[in-house]
Structures are given as structure tokens and as C-alpha cells.
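The values are calculated or read from the model by the stated rules, or taken from the named source; none is laboratory data. Note that the coordinates shown come from a computational prediction; the quantities given were computed from them, not determined experimentally. Here the Cβ positions follow ideal geometry from the backbone for every residue, glycine too, while neighbour counts run over all protein chains shown. Remember, those area values only see protein heavy atoms, side chains included, never the ligands or the DNA or RNA. Shrake-Rupley method; radii C 1.70, N 1.55, O 1.52, S 1.80 Å.
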Amino acid sequence: MQRGEPPRHNSSRRLRDALAGEGYVLLLGPMSIVELLSLRGKYEPLEVYRRALEGRAEGVELLRQALENGSVRKIVYLGVDGALPRLLGQDHIIDLYGSLPRLRCPRCGRKWWLEEGTVCPNCGIKGERDSWETPRSRLLSEAVYELTTAEIVAVHGLGEPPIALGAVLAISVSRFTRVMFLEPVPRQLQGLGLEEPGKKLLEMLQELVSG
Ligand SMILES: [Zn+2]
């Protein structure tokens, strides 16, 4: 802070400058995968997942490149279709509600995808769904860390009305870093000063990939 600068109005900006890190972190909802996979209409999570495995979509390919060149650091995902971690690898994705098509062994903890069968490859016992209704605190704190330390948080696909947790995260991290909506800001979140650059998700990814 400059000497003599009035302290009022600056606390959240100072906090932002102190914390802002590098790279984009994406906060995506279930509608994002529909756009990334160039799907139309309504899909059930498992159907989205199966469609994703049928082939590479342009949006997923752009996302892969943006993750590889480091412009996108992490994706916090609020859907349960499992398509993004399956296609892009779990390292880049925090799926707060887990993934419906992923199973977990209750004995050894191994995780695998539905198409590999329903029993643990290690123990031969039946897997449990690796998804849940309330995000686990470890995942939630990891997500909050990534979002608050991002250079920019880009929000997409929360729906209208927005997913409650997505709305809370978007509002609260906007005190720490830039938050922009790649779609009209949902009605319930209007008037909070959230940025709306008027870009589509794929447009933003294209820009990030082409540098
Ligand atoms: Zn096992």
C-alpha cells in the first residue's frame, strides 16, 4: 500500500494483490461439460460420461492444452458425471461431489471407472460409488485454496438458479481475486459486482491456448 493512501475501500484490493497467484482456476458446473463436449439438450450424468468417452471434443482438447501450457491451473467441478477427470486426469480436477461412474474399494481404497467392472481389481470385492451429497472437508478446503489463490477465477455452467455451493464460492472468493462469469451472471448473483466479460467458455480457452 502507498504511504498516505486512505485505508478505506482498499482492504479487499490489498488482500487480492497479496494473494493473487498465477493462472486461471475454473469453477465449472454440470452445464459446462455439455458445452465442452458440444452436446445439446439435457443429459443424465452417466450419459454425459458415456458420450465423453466416445470421442474427443474440441472443448475438452482446448482444456487439455490450457492445462498443459499452465494457463489453467485447476478445475473445481460441481458436476458428478466424471467426464472431466476421466478425460483429463484426476490431478487437475477437484470434483467436489465425486464422480458417479467412479468406484472405490471399501477395503483397499483403490479407485477405478465403471467400464473396468464393478469389483476391485486388487481385492475382488464390490466397489462403492465414489460420489457423495456433501463435499468432503478436505476437498472443500483444497478447492477454496485453489480458488482464492488463482490469478483469475472463471465461472461457468452453474445454471439458473445457480448451484448453491457454486454461488457461495463465487461470491466469497471474489473478495480475494478476480471472478468472472463466462455467461450471464445468474439473477441471484447480480448486483454483486461480479465481472461478465461476455465470452463463451470455448472462446476463453481458445485465447488461453493461442497465448
Ligand atoms: Zn480393493
Quick one: what are the phi-derived ³J(HN,Hα) couplings along the stretch 27-37, Karplus 6.51/-1.76/1.60 with θ = phi - 60°, whole Hz, x for glycine and proline?
10, 10, x, x, 6, 5, 5, 4, 6, 5, 8
List every residue whose amide H lies under 5 Å from the amide H of V155, counting only residues 5 or more places away in sequence or on a different chain, with H placed 1.01 Å from N in the peptide plane.
L27, M180, F181, L182
Given H placed on each backbone N at 1.01 Å, which residues far from G82 in sequence or on other chains put an amide H within less than 5 Å of it?
L100
Find the accessible area per residue for the chain; the probe is 1.4 Å, ligands and nucleic acids are left out, and the unit is Å².
53 Å²
Under a point spin-label approximation (7 Å from Cα along Cα-to-Cβ), what is the S210-E54 distance to one decimal in nm?
2.9 nm
Candidates E151, E58, E160, ranked by Gaussian network fluctuation over the chain, Cα under 10 Å, top entry:
E160
The chain: most fluctuating residue of P85, P30, P121 per GNM, C-alpha cutoff 10 Å:
P121
Can you give the extra length, in nm with one decimal, that the chain gains between R129 and D91 once fully stretched, where that is 0.36 nm per residue apart less the Cα-Cα distance?
11.7 nm
On average over all directions, what projected area in square nanometres does the stretch 96-148 have, based on the convex hull of its Cα atoms?
4.1 nm²
Set the Förster radius R0 to 30 Å, insert the Cβ-Cβ distance between R107 and S141 as r into 1/(1 + (r/R0)^6), and round the FRET efficiency to 0.05.
0.65
Considering only protein heavy atoms and a probe of 1.4 Å, how much of the accessible area of the chain is carbon and sulfur, as a whole percent?
49 percent
Relative contact order (percent) for the chain, with alpha-carbon contacts under 8 angstrom and 6 or more residues of separation?
25 percent
Compute the normalised compactness of the chain: alpha-carbon radius of gyration over 2.2 N^0.38 Å, N being the residue count.
1.09
Helix-derived [θ] at 222 nm for the chain: sum -39500 (n - 2.57) over DSSP H runs of at least 4, divide by residue count, nearest 500?
-10000 deg cm²/dmol
How far, in nm, would the chain grow between R187 and E44 when pulled straight, counting 0.36 nm per residue and subtracting the alpha carbon separation?
49.0 nm
